[in-house]
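The values are calculated or read from the model by the stated rules, or taken from the named source; none is laboratory data. Note that the structure is a prediction, hence the values are computed from the model and not measured. Note: ideal-geometry Cβ built from the backbone for every residue, glycine included; neighbour counts use all protein chains shown.
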């Protein structure tokens, strides 16, 4: 059995188009990106596969030292080497064609990223109040390399067994993806695919010296040394964008993977199953339990318990004391908890690291959980702008008072009605060009980030698929949109309400056209 | 009334084959034949309302209401009925204006009326 629900930014028309392709050498069903000649996520008579983002670090920056401002030669490996210049022409409707000369080194193109150019390199000038440096910074990005990912999908569409699946993934270049697999013979597998550079620990995390060949990408990780697993004893495999390897894996893949909150919960659910059914898999996709809240809330509540100032704070405390840690849209508890957490983050990190993403990215929730559970008197909790020493308890309580006050100002006094999660967060599916009226706004969804049902304000499960690869294939799927891209069609957004309610549709899979419901459209003519 | 119905039918069936603004040209020509400003204004408003009313009504009940609802949202009108009413108000105004234009154009070409005092 295979279940897959890649979480992406949501738009209308939807990124996916459901399709069933039957030809002399294939019978395959699933979703495709409109215009793509094949199924991207789906199943055929023999195998099924699904994708999640791999998060490999395949983009590095290099400081380049040019001989002079003409940028015709650059220094590398103790030699001056020639650059390559390519003129790109941009045709502008109603205007003159704009020409841009792009300088290439062997690392990649010189990319002007003006606010972040270093002062120490090359000539400097000020233009439009932005510091410009004639010495550039090269971008090495795997996506610039020639590749043929379509071949991977064509081979998957026609694959018959595990060996075909592994072979198909050899051609997958970028962006790195986890390919989950299940077949009719009962095999399950997961392969972390992509032409990832073979890096030493932390290589490329900082701007590299473009003159030193030791920083060059030397080779790629051999296909059979990429992280993969087949038929493990526990009876399941999975990925929720967590780190794909153990610490003894020899290659450095990336510094960033999503914290394991989601995978831990999925793992817990799968561990309790003896024989999974399609409904079990759909329920796990809709699992709203917050592992972070479950582990930290008892500690948090203790910091508030004896400091409740008014009835509203008492009611808030009671709601969170009785919370089952489910991020349900009809409950106010997720609103209270997430709003409180946002304030706690500000109180913890801002005095040390400044505003989030301005100079530093604030540490993620897993780091905060570690501090709450193991080091509540950490210096990070201390507000450096005050004389006294603050701990987690101080900041937690301060955040609590502010949370109640802010939410009261925002939503009024009726917590159970007006502070509910679906109203506070909800989901907006905007039109792809952000045209008002052509999207669906304020959908009453449950879930949230770091929850198996990772549904947010603008993102969520872009396609839910569960397929039982038994003798007779049983498959269910849904995506938040419709099969038509025309906003005037009833099929533009007809699946959204069911998607919100966690309903999936049976997928009619057969190689005989007569077994498939729907209309027959004959394309072309008889000539 | 008979004249209004005939002009409305011509406009309705001619619309799919001509640019949308031809409706106003046709009404301008009709205004030429009006005998008073009131008659011109009334004829234009009625023909335009009838023509557009049938057109938008038939579109509304044959699947067009979905797109109308989206356009209404886009324009902040709230509902597709609001959009229909807004376009009908606009059409009454433009229809009357078109026939009045035709009527006024005709007046430019007529000799000025002789004053009884100068007789």
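Condition check: closer than 28 Å to residue A:433 by Cα and either in a helix (DSSP H, G or I) or away from chain A (no Cβ under 14 Å) (or both). Does residue B:101 satisfy that?
When the stated conditions are applied, residue B:101 does not pass them.
Out of the stretch A:488-509, which residues are surrounded by 15 or more Cβ atoms within 10 Å (Cβ to Cβ), in a loop (DSSP other than H, G, I, E, B) and more than 14 Å from chain B (Cβ to nearest Cβ)?
Answer for the stretch A:488-509, where residues must be surrounded by 15 or more Cβ atoms within 10 Å (Cβ to Cβ), in a loop (DSSP other than H, G, I, E, B) and more than 14 Å from chain B (Cβ to nearest Cβ): A:495, A:502, A:504, A:507, A:509.
Condition first: within 13 Å of chain A (Cβ to nearest Cβ) and surrounded by 18 or more Cβ atoms within 10 Å (Cβ to Cβ). Now tell me which residues in the stretch B:72-92 satisfy that.
Once the filter is applied, which keeps residues that are within 13 Å of chain A (Cβ to nearest Cβ) and surrounded by 18 or more Cβ atoms within 10 Å (Cβ to Cβ), the stretch B:72-92 yields B:72, B:73, B:77, B:80, B:83.
Has the stretch A:265-278 got any residue that is assigned to a helix (DSSP H, G or I), within 28 Å of residue A:399 (Cβ to Cβ) and touching a residue at least 24 places away in the same chain (Cβ under 8 Å)? Break it down stepwise before answering.
Initially, the stretch A:265-278 is screened for residues assigned to a helix (DSSP H, G or I), giving A:265-271, A:278.
In the following step, the residues that additionally are within 28 Å of residue A:399 (Cβ to Cβ) were identified as A:265.
Retained after the next criterion (residues that are touching a residue at least 24 places away in the same chain (Cβ under 8 Å)): A:265.
Yes, because at least one residue in the stretch A:265-278 is assigned to a helix (DSSP H, G or I), within 28 Å of residue A:399 (Cβ to Cβ) and touching a residue at least 24 places away in the same chain (Cβ under 8 Å).
Looking at the structure I just gave you, is residue A:406 away from chain B (no Cβ under 13 Å), surrounded by fewer than 16 Cβ atoms within 10 Å (Cβ to Cβ), part of a loop (DSSP other than H, G, I, E, B) and out of contact with any strand residue (DSSP E or B) (no Cβ under 8 Å at 6 or more places or on another chain)? Break it down into steps so the answer makes sense when it comes.
Numbers: away from chain B (no Cβ under 13 Å): yes; surrounded by fewer than 16 Cβ atoms within 10 Å (Cβ to Cβ): yes; part of a loop (DSSP other than H, G, I, E, B): no; out of contact with any strand residue (DSSP E or B) (no Cβ under 8 Å at 6 or more places or on another chain): yes.
It is false that residue A:406 is away from chain B (no Cβ under 13 Å), surrounded by fewer than 16 Cβ atoms within 10 Å (Cβ to Cβ), part of a loop (DSSP other than H, G, I, E, B) and out of contact with any strand residue (DSSP E or B) (no Cβ under 8 Å at 6 or more places or on another chain).
Among (1) surrounded by fewer than 14 Cβ atoms within 10 Å (Cβ to Cβ); (2) in a helix (DSSP H, G or I); (3) within 25 Å of the chain's Cα centre (by Cα), there is one condition residue A:358 misses while meeting the rest; what is its number?
It fails just one condition, (2).
Report the residue count in the stretch A:43-67 for those that are farther than 22 Å from residue A:463 by Cβ and part of a strand (DSSP E or B).
Within the stretch A:43-67, residues that are farther than 22 Å from residue A:463 by Cβ and part of a strand (DSSP E or B) number 6.
One line per residue, one yes/no per condition, for (1) under 16 Å from residue B:30 (Cα atoms); (2) at pLDDT 90 or above; (3) under 11 Å from the mean Cα position of the chain (by Cα):
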{"residue": "B:78", "(1), (2), (3)": "no, no, no"}
{"residue": "B:89", "(1), (2), (3)": "no, yes, yes"}
{"residue": "B:97", "(1), (2), (3)": "yes, yes, yes"}
{"residue": "B:102", "(1), (2), (3)": "yes, yes, no"}
{"residue": "B:105", "(1), (2), (3)": "yes, yes, no"}
{"residue": "B:113", "(1), (2), (3)": "no, no, no"}
{"residue": "B:116", "(1), (2), (3)": "no, no, no"}
{"residue": "B:119", "(1), (2), (3)": "no, no, no"}
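Which of (1) modelled with pLDDT under 95; (2) surrounded by 15 or more Cβ atoms within 10 Å (Cβ to Cβ) is the odd one out, the single condition residue A:107 does not satisfy?
Result: residue A:107 passes all but (1).
One line per residue, one yes/no per condition, for (1) over 30 Å from residue A:285 (Cβ atoms); (2) without any contact (Cβ under 8 Å) to a residue 24 or more places away in the chain; (3) surrounded by fewer than 18 Cβ atoms within 10 Å (Cβ to Cβ):
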position	(1), (2), (3)
A:330	no, no, yes
A:337	no, no, no
A:342	no, yes, yes
A:349	yes, no, no
A:363	no, yes, yes
A:375	yes, yes, yes
A:389	yes, yes, yes
A:396	yes, no, no
A:399	yes, no, no
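Hey, among the residues in the stretch A:1-42 that are in a loop (DSSP other than H, G, I, E, B) and within 13 Å of residue A:465 (Cβ to Cβ), which one's farthest from the chain's Cα centre (by Cα)?
A:1
Output the number of residues of the stretch A:431-454 satisfying the condition of being without any contact (Cβ under 8 Å) to a residue 60 or more places away in the chain and more than 14 Å from chain B (Cβ to nearest Cβ). First the steps, then the outcome.
Initial filter on the stretch A:431-454 (without any contact (Cβ under 8 Å) to a residue 60 or more places away in the chain): A:433-437, A:441-443, A:449.
After this cut, where a residue has to be more than 14 Å from chain B (Cβ to nearest Cβ) as well, the list is A:443, A:449.
Qualifying residue count for the region: 2.
Evaluate the following for residue A:354: is it at pLDDT below 95 and closer than 26 Å to residue A:461 by Cα?
It is false that residue A:354 is at pLDDT below 95 and closer than 26 Å to residue A:461 by Cα.
Looking at A:182, A:211 in this structure, which one is more than 20 Å from the chain's Cα centre (by Cα), assigned to a strand (DSSP E or B) and either assigned by TED's automatic domain parsing to the domain that holds residue A:241 or more than 11 Å from residue A:152 (Cβ to Cβ) (or both)? Can you show your working first?
Numbers: A:211 fails: assigned to a strand (DSSP E or B).
Step by step, each of A:182, A:211 is checked, and only A:182 is more than 20 Å from the chain's Cα centre (by Cα), assigned to a strand (DSSP E or B) and either assigned by TED's automatic domain parsing to the domain that holds residue A:241 or more than 11 Å from residue A:152 (Cβ to Cβ) (or both).
Give the stretch A:134-179 a look and list any residue that's under 27 Å from residue A:206 (Cβ atoms) and either outside any strand (DSSP E or B) or in contact with a helix residue (DSSP H, G or I) (Cβ under 7 Å, 6 or more places away or on another chain) (or both), or say none.
Across the stretch A:134-179, the qualifying residues are A:134, A:135, A:136, A:142, A:143, A:144, A:145, A:147, A:173, A:174, A:175, A:176.
Take residue A:437 and decide whether it is on the phi > 0 side of the Ramachandran plot and in contact with a helix residue (DSSP H, G or I) (Cβ under 9 Å, 6 or more places away or on another chain).
yes
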